[in-house]
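Working notes for the structure below.
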Amino acid sequence: MFASPAIAADLNPQQQHAVHHRGTPLLVVAGAGTGKTKTLATRVVQLIDDGVDPQRILLLTFTRRAASEMLHRVASATDDRAASRVWGGTFHSTANRLLRNFGQTAGLSPNFTVLDQSDATDLMGMVRTEEGFGERSKRFPKKETVAGIYGRMVNSQAKLSEVLETDYPWCADHGDELKTIFSAYTARKRRHQVLDYDDLLLFWRALSAAPSAGPAMRDLFDHILIDEYQDTNPIQSDIIRGMCRPSDDERPTEVCAVGDDAQAIYGFRCASVENMWAFPDHFPGATTVTLEQNYRSTSPILAVANAVLASAPTTAGATSHFTKELWSTKTEGPKPHLLTHHDESAQSRTVCENILDARERGMDLRSQAVLFRAGHHSDGLELELTRRDIPYVKYGGLKYLEAAHVKDLLSLLRILDNPSDMLAWHRVLSSMEGIGPATVRRLAEELELESAENAPLSLARFIDGIGKVPAAAKAEADELRAAFADCIDDADFPPAQQVERLKPFCAMVFPNRYDNSTARLSDIDQLAASAAAYGSRNRFLTELTLDPPGKTSDQAGPPHLDDDWLTLSTIHSAKGGEWRAVHVIHAADGNIPSDMALGDQAGMAEELRLMYVALTRAKDELTVHAPLRFHVNRFGQDDRHVLAQVSRFLDPVRDLFDEGASQAQPSDDSIIELDTVGVADEVDTLLASLWD
């Protein structure tokens, strides 16, 4: 019996099985909306109630929000102290925590810096230039492409030649040069004690297999639980196996993985759904529990979702997913609608009309969402929403930490935390008046940043006045030296005060770098408020990097946003969300499935799963929109467009929809009926005069 009945209430038999199962590895196949979060959290609660030490439980998720939600549920059913002792977090945050403890075994300083993805790209670009591949006389892949090749190679664990052939064929002739860049990039990171996202997982995997660190790390945990297992990549799969004591051990590690292969939609990030399919092979004797009772959607919506999933292609005579059939006790509800439109403009108008109609029926805007395959698919709709004064929030804008001025401030903190961080030094030095690339290189030499032995002392040398700057930058440099001197002692100067102390320097350099410097300085205030929750600079920087806050452009609606707004989101960003009414737009071939996936069987399978995810976000009402004509030249001024068909994923299940077509036609295509005017002969005569 449960010692914590509140969180265990109303669990169905399959969920109860998943919560109580012990003795063998467990795979929980949790269909969309089947209560996987509640099930996983309840299993943690039950483990604690059974006497398991909370700090010997490792709960791995893919977002900090998911970990926080689960631990909050655990805390509400047990006590805050027990929940706080559970090792809960993302793969990357857990890797960071373990490497701070075990990293010295691998030659890592406890104060290593973690680069976010944009910083890693910048460092790759710096190395690319230094190795001589940035000359304008040569056409060479840009830093973003180079970083993309590197990331795909590392996360998929595929050879460079394979990645170039499969994903970057236009770069195939640059294999040798890329090897040079990647080697120099790795050497630079090691020399300056910085790790990128991939390094966190690579070092964790390597340490888990090391003769000394491996057993010590495995001995930390008796239970490992993994959420969204279908989204793990090959490295993460290796880590899980490396962290588990084998079944023949006197204390085998109990592993429980929860996921839904039908929602595996992150192949572009090197996620491998094969990890979930291979779970019984990786963990012999595993038990599989399938959750099929859906608590989100009505039966008519689930009928469409099930039918779409059932049409998935087969592989070697078997379906390419675990068999499941979602069902619900919510049997009543309208059939989903499938609406075709003349073009994108008609689609936008119809969507807005339906949203406003639902609002008049008592459904708040916050209970409604519009989902789409790619960010630009909402461009026309956003114009129509603005015209109709409908506020909205869009997920898919610039991330807060990617804003240049925020990165400027974070670079200052990174120098304080790791004086060897050359990338941060380059950004800070080049922000001052009159300091260009040549001066930055000279200052780097004077501060001995390239010396692995002397680089840690570069901050002290800078504070002492070493490094001659141009006259135009003297006041800025003096202010920076004084600010660094005040902030250098992290114990006496907490992170929030350090941000405040560095703000005057930002106020000096921002006007020369940015047009709206005043607004950008207010973001520094926001950063200081965030820093107030942290006792150390290192933890503040690391958590910001591994789990960045929202976006600068989240609230894309008018400035008078009140307490109600519509959600616009890519399908990828909407995964895990739910709304009473959902509109899926641009459901036409070429959009979903994307035309980039049409020639790839694995890509097509993932596109079908993407459609499945979109459909299963709806609770009560689902409308799918398919414009039959849409523009393809988004960046030009012409009117090129294509004629499309309803998505092939919906064609076999159209009988499960109520179908209709919008009547509105674009005003610029409408026919104006006037009295007939005989001008054809006049026009023909004029034309003939041009060549007679």
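Each value in this text was obtained by applying a stated rule to the coordinates, not by laboratory testing. Quick caveat: nothing in here was measured; it's all calculated off a predicted structure. Reconstructed Cβ throughout: ideal geometry from the backbone, glycine too, with neighbour counts over all protein chains shown.
Using a cut-off of 13 Å between beta-carbons, work out the net charge of the residues near Ala264 (Lys and Arg +1, Asp and Glu -1, Ala264 not included).
Summing Lys/Arg as +1 and Asp/Glu as -1 gives -4.
Kindly give Rg over Rh for the chain, based on alpha-carbon atoms, with the Kirkwood expression for the hydrodynamic radius.
1.00
If you take every DSSP beta bridge whose two residues both sit in the chain, what share of them, in percent to the nearest 5, is antiparallel?
Antiparallel bridges: around 10 percent, rounded to the nearest 5.
Helix-derived [θ] at 222 nm for the chain: sum -39500 (n - 2.57) over DSSP H runs of at least 4, divide by residue count, nearest 500?
Mean residue ellipticity at 222 nm (helix-derived): -13500 deg cm²/dmol.
Determine the dipole magnitude for region 401-546: charges of +1 sit on the beta-carbon of Lys and Arg, -1 on that of Asp and Glu, nothing else is charged, the reference point is the Cα centre, and the result goes in debye to the nearest 20.
Magnitude of the dipole: close to 280 debye.
Using only Cα atoms, figure out Rg for region 113-192 and give it as a multiple of 2.2 N^0.38 Å.
Here the Cα radius of gyration is 1.04 times the empirical estimate.
Over the alpha carbons of region 190-346, what is the largest minus smallest coordinate on each principal axis, giving the biggest first in Å?
63, 42, 32
What is the Cα coordinate range of region 45-109 on the first, second and third principal axes, sorted by size from largest, in whole angstrom?
41, 25, 15
Under 5 Å between amide H atoms, partner at least 5 residues away or on a different chain: which partners does Gly88 have, H built in plane at 1.01 Å?
Close amide H contacts, sequence-distant or interchain: Leu59.
Report the one residue of Leu115, Gly31, Ile390 whose Cα lies farthest in the direction of the positive end of the charge dipole of the chain (charges on C-beta: Lys and Arg +1, Asp and Glu -1; origin at the Cα centre).
Farthest towards the positive pole: Leu115.
Using a simple charge model, +1 on the beta-carbon of Lys and Arg, -1 on the beta-carbon of Asp and Glu, nothing else, what dipole does region 113-192 show about its Cα centre, in debye to the nearest 20?
That gives region 113-192 a dipole magnitude of about 220 debye.
Quick one: what do you get for region 336-422 if you divide its Cα Rg by 2.2 N^0.38 Å?
Compactness ratio reported: 1.67.
Can you list the lysines whose alpha carbon is less than 30 Å from that of Lys38, not counting same-chain residues fewer than 8 positions off?
Lys324, Lys330, Lys335, Lys394, Lys399, Lys551, Lys575, Lys619
Can you give the charge dipole size of the chain about its Cα centre, rounded to the nearest 20 debye, using +1 on the beta carbon of Lys and Arg and -1 on the beta carbon of Asp and Glu?
With Lys and Arg at +1 and Asp and Glu at -1, about 2140 debye.
Taking H as built 1.01 Å from N, whose amide H comes closer than 5 Å to the amide H of Glu659, not counting residues under 5 places away?
Leu338
If contacts are Cα pairs under 8 angstrom and at least 6 residues apart, what is the relative contact order of region 225-278 in percent?
It rounds to 55 percent for region 225-278.
Binning at 10 angstrom from zero up to the longest distance, how are the C-alpha pair distances of region 147-226 distributed in percent?
Percent of Cα pairs in each bin: 15, 37, 28, 16, 4.
Can you give the Kirkwood hydrodynamic radius for region 401-546, in Å, rounded to one decimal and based on Cα pairs?
Taking every pair of different Cα atoms in region 401-546, averaging 1/r and inverting gives 15.3 Å.
Taking amide H positions as placed in the peptide plane 1.01 Å from N, state which residues far from Gln645 in sequence (5 or more) or on other chains have amide H under 5 Å from it.
Asp589
If we count every other residue with Cβ under 10 angstrom of Ala618's Cβ, Lys/Arg +1 and Asp/Glu -1, where does the sum land?
+1
Out of Tyr150, Pro627, His20, whose Cα points farthest toward the positive end of the dipole of the chain (charges: +1 Lys, Arg; -1 Asp, Glu; placed on Cβ)?
Of the options given, the answer is His20.
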